[in-house]
Amino acid sequence: MGIYLNEIFGPQSIILNLDGKTKEEVFNELAKAIADVHSEYDYSSMLTSLWERENKLSTGIGSGIAIPHAFYEGINKIAGAIGISQTGIEYNALDQKAVNIVFMLIIGRQANENHLYVLNQLSTLAKSDAPAMIIKAQDKETVMDILSRIQHE
C-alpha cells in the first residue's frame, strides 16, 4: 500500500489564498512553505529541480489543476504543499486555462516507488467534485478532510 495525500500535505503547507499571481511567484511561495515545514529541504535546490521539470512540459494538467513535482536527492519521503487561487494563475496549462489549485510535490529519490501512487490519487481527486470543494474551503481542516476522503474512494 502506498502513501496517502493527507500524509503528504499538512495544514502547515496549505495556502488558502495564494499571494502569487504568476507561476514563478506561486512556485516560490509553495517551495517556501515546504522548506518551512521540512528544514532538510533546501529552498533553492527545490526550485531548481521544479523548474527543470516544468521546462520539459507544463505540469498544468487541465481543469484548473497543476501538479508541479520534482525529484530531490538525499531524502526518503515525499513532501508537498497546496496553493489555492480564487482568481486563477496563468500557467500555460495543457488546456490553456488558468489554474486554481496547485499541488506541489518534492519527491525523495528513495520514495520513488510511491510517487506514481500519489499522482494517481491526485488524478482521482481531479476527476471528482473535490477541486470545487477545495476552492470553496474556508479553512485548512476542510481541505485536509477532502484529501482524506480520496484514500477511501
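Observations on the structure shown:
- Test set (1) touching a His at 6+ places or on another chain (Cβ under 8 Å); (2) part of a helix (DSSP H, G or I); (3) closer than 16 Å to Val143 by Cβ - Arg53 fails condition number: (3)
- Checking every residue in segment 71-79 against the condition of being in contact with a strand residue (DSSP E or B) (Cβ under 8 Å, 6 or more places away or on another chain), over 23 Å from Leu125 (Cβ atoms) and polar (S, T, N, Q) gives at least one match.
- Scanning segment 11-43 for residues that are hydroxyl-bearing (Ser, Thr, Tyr), at pLDDT below 95 and either surrounded by fewer than 17 Cβ atoms within 10 Å (Cβ to Cβ) or assigned to a helix (DSSP H, G or I) (or both) returns Ser39, Tyr43.
- The requirement of being hydrophobic (A, V, I, L, M, F, W, C), closer than 20 Å to Met133 by Cβ and within 15 Å of the chain's Cα centre (by Cα) is satisfied by Ile65.
- Once segment 103-114 is narrowed to residues that are in contact with a Gly (Cβ under 9 Å, 6 or more places away or on another chain) and in a helix (DSSP H, G or I), the residue that is surrounded by the most Cβ atoms within 10 Å (Cβ to Cβ) is Asn114.
The values are calculated or read from the model by the stated rules, or taken from the named source; none is laboratory data. The model shown is predicted, which means the values in this text are computed figures rather than measured ones. Ideal geometry is used to build each Cβ from the backbone, glycine not excepted, and the neighbour counts take in all protein chains shown.
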